[in-house]
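Undergrad: My structure is below; once you've seen it, I'll send some questions.
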Amino acid sequence: MTGTYAVFRQGVLSTEVFPVPPADHDGLVMFQRPGSREVLPIYAYHPYHEDGVRGAALAGFHRKSFQGVESQLNDLLSRVTRDYPTAAWFYVMVGHSMKVVKWYFKYRGLTNMVALNVSGVQRDSVATPQFHSYLQQKIRKTGGQNLLVMDYTYSGSGLATIGNLIKQQYPQRTVRTLALAERSELRRMNSNGIDAISLTNGPDCLAKQLRGENLKAFGRHKVKNTLDQWRADVPQSPDAEEFLVAKHRFSQEIQTAALFDYYEALKTYQRARQDAGDDLGLVGSVSGSEAGDGGDVFNDDDFI
């Protein structure tokens, strides 16, 4: 069946188009990306190690998912540093959705940033005493620079709440709020006195990343910590390990990882399974439990 197949050859992962699945491979490695129950066969050629193949697949998946938004991240960086120069401003990034922006800014060499780990902020939210202490610790890192509070938001109410908290605690400082928002929300931001940058929408867009549709692949470090119940000892999330690995490898992956068209390869595999009446086997006698999904059992008869 002509389609896109995942291939690991000479230490490099790629997706290649073949009229039929590769038949001369040395083994199959099943890849299951974080947050998905789907498994994908990767046709591997010696020398290879299964963990290395899966690591390359995860890196390539991340790299591919960011390919369409790198230019948008770069445009955002240019706009922010033009309007709020780093010599005068320190950037305060709010919430999990801003992780991608912070990582990219750091990858581009910016150091004048702090992140606030807080979620579920509403206009009438009342911060806990522990959050006030946490906020003071973060703001101490900013020196005496002006403060730009940034968030991806729909209404701007949570961003305004955090901005007002900082203004109340530091009345002597210049504090501005900047919303990253989709175009349809700009009027609401402006009416609330919040500066805003419009984000385009579409299948490959920064807004999609910030909404978390692809960010879910990175996991979370801590469970959600809402402003009105915020505490310093909030536990790690179940996927904290995946998050920390992704954070550590992000800057390397965005530069060097091989592009891996996971979704196209998955479409080929799903189509082949459908054509086979969901009774498709895989060369290599790989079981579903070994693949990590605990589901399908594959045999070595059909997928050749």
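The values are calculated or read from the model by the stated rules, or taken from the named source; none is laboratory data. Predicted model only: the values in this text are computed from it and were never measured. Please note: Cβ atoms are built from the backbone with ideal geometry, for glycine as well, and neighbour counts cover all protein chains shown.
Undergrad: Hey, among the residues in region 69-112 that are in a loop (DSSP other than H, G, I, E, B) and in contact with a Leu (Cβ under 9 Å, 6 or more places away or on another chain), which one's modelled with the lowest pLDDT? Show your work before the answer.
TA: Taking region 69-112 first, the residues in a loop (DSSP other than H, G, I, E, B) are 69, 84-88, 95, 108-112.
When the remaining residues are screened for being in contact with a Leu (Cβ under 9 Å, 6 or more places away or on another chain), the result is 69, 84, 86, 95, 108, 110.
Values: VAL69: 73, TYR84: 95, THR86: 95, GLY95: 87, ARG108: 84, LEU110: 92.
Per the criteria, the residue is VAL69.
Undergrad: Here is a list of conditions, (1) assigned to a helix (DSSP H, G or I); (2) surrounded by fewer than 20 Cβ atoms within 10 Å (Cβ to Cβ); (3) touching a strand residue (DSSP E or B) at 6+ places or on another chain (Cβ under 7 Å), and ALA115 meets all of them except one; can you say which number that is?
TA: All conditions are met except number (1).
Undergrad: Which one of the conditions (1) of a type outside the set (Lys, Arg); (2) surrounded by fewer than 19 Cβ atoms within 10 Å (Cβ to Cβ); (3) over 23 Å from SER198 (Cβ atoms) does LEU77 fail to meet, given that it meets all the rest?
TA: (3)
Undergrad: Now for a different question. Restricting to region 148-160, give me the number of residues that are crowded, with 21+ Cβ neighbours inside 10 Å and over 20 Å from VAL100 (Cα atoms). Let's see the steps before the verdict.
TA: Just the residues of region 148-160 that are crowded, with 21+ Cβ neighbours inside 10 Å, to begin with: 148-153, 156, 158-160.
In the following step, the residues that additionally are over 20 Å from VAL100 (Cα atoms) were identified as 160.
The total comes to 1.
Undergrad: While we're here: If the requirement is being under 16 Å from PRO85 (Cα atoms) and of a type in the set (Ser, Thr, Tyr), which of these qualifies: THR174, THR161, THR153?
TA: Numbers: THR161 fails: under 16 Å from PRO85 (Cα atoms); THR153 fails: under 16 Å from PRO85 (Cα atoms).
Matching residue, one of THR174, THR161, THR153: THR174.
Undergrad: Next question. Would a scan of region 45-63 turn up a residue that is over 30 Å from HIS25 (Cβ atoms), in contact (Cβ under 8 Å) with a residue 24 or more places away in the chain and either touching a Ser or Thr at 6+ places or on another chain (Cβ under 6 Å) or outside the structural domain of LEU165 (by TED's automatic domain parsing) (or both)?
TA: Pass one, region 45-63, residues over 30 Å from HIS25 (Cβ atoms): none.
So far as region 45-63 goes, no, none of its residues is over 30 Å from HIS25 (Cβ atoms), in contact (Cβ under 8 Å) with a residue 24 or more places away in the chain and either touching a Ser or Thr at 6+ places or on another chain (Cβ under 6 Å) or outside the structural domain of LEU165 (by TED's automatic domain parsing) (or both).
Conditions (1) among the charged types (D, E, K, R); (2) at pLDDT 85 or above; (3) buried (at least 21 other Cβ atoms within 10 Å of the Cβ), marked per residue:
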| residue | (1), (2), (3) |
| --- | --- |
| GLY11 | no, yes, no |
| GLU16 | yes, no, no |
| GLY27 | no, yes, no |
| MET30 | no, yes, yes |
| PRO41 | no, yes, yes |
| ALA44 | no, yes, yes |
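Undergrad: Suppose we keep only residues that are within 15 Å of GLY95 (Cα to Cα) and surrounded by fewer than 19 Cβ atoms within 10 Å (Cβ to Cβ) within region 194-214. Which one would you say is modelled with the highest pLDDT?
TA: Looking at the filtered set, the residue picked out is ARG211.
Undergrad: Within region 85-137, take every residue that is within 18 Å of the chain's Cα centre (by Cα) and charged (D, E, K, R) and give me the one that is farthest from LYS222 (Cα to Cα).
TA: Among them, the one singled out is ARG108.
Undergrad: Next question. Would you call LYS138 in a helix (DSSP H, G or I) and modelled with pLDDT under 90?
TA: On the way: in a helix (DSSP H, G or I): yes; modelled with pLDDT under 90: no.
No; evaluated as a whole, the condition is false for this residue.
Undergrad: Provide a single number: the residues in region 36-55 that are within 17 Å of SER14 (Cβ to Cβ) and assigned to a loop (DSSP other than H, G, I, E, B). Before the answer, list the steps.
TA: Applying the first criterion (within 17 Å of SER14 (Cβ to Cβ)) to region 36-55 yields 40-48, 52-55.
Among the residues that remain, those that are also assigned to a loop (DSSP other than H, G, I, E, B) are: 45-48.
Qualifying residue count for the region: 4.
Undergrad: Kindly indicate which of GLN274, GLN252, GLN229, GLN270 is modelled with pLDDT of 80 or more and exposed (fewer than 13 other Cβ atoms within 10 Å of the Cβ). Break it down into steps so the answer makes sense when it comes.
TA: Working: GLN252 fails: modelled with pLDDT of 80 or more; GLN229 fails: exposed (fewer than 13 other Cβ atoms within 10 Å of the Cβ); GLN270 fails: exposed (fewer than 13 other Cβ atoms within 10 Å of the Cβ).
Residue meeting the stated conditions: GLN274.
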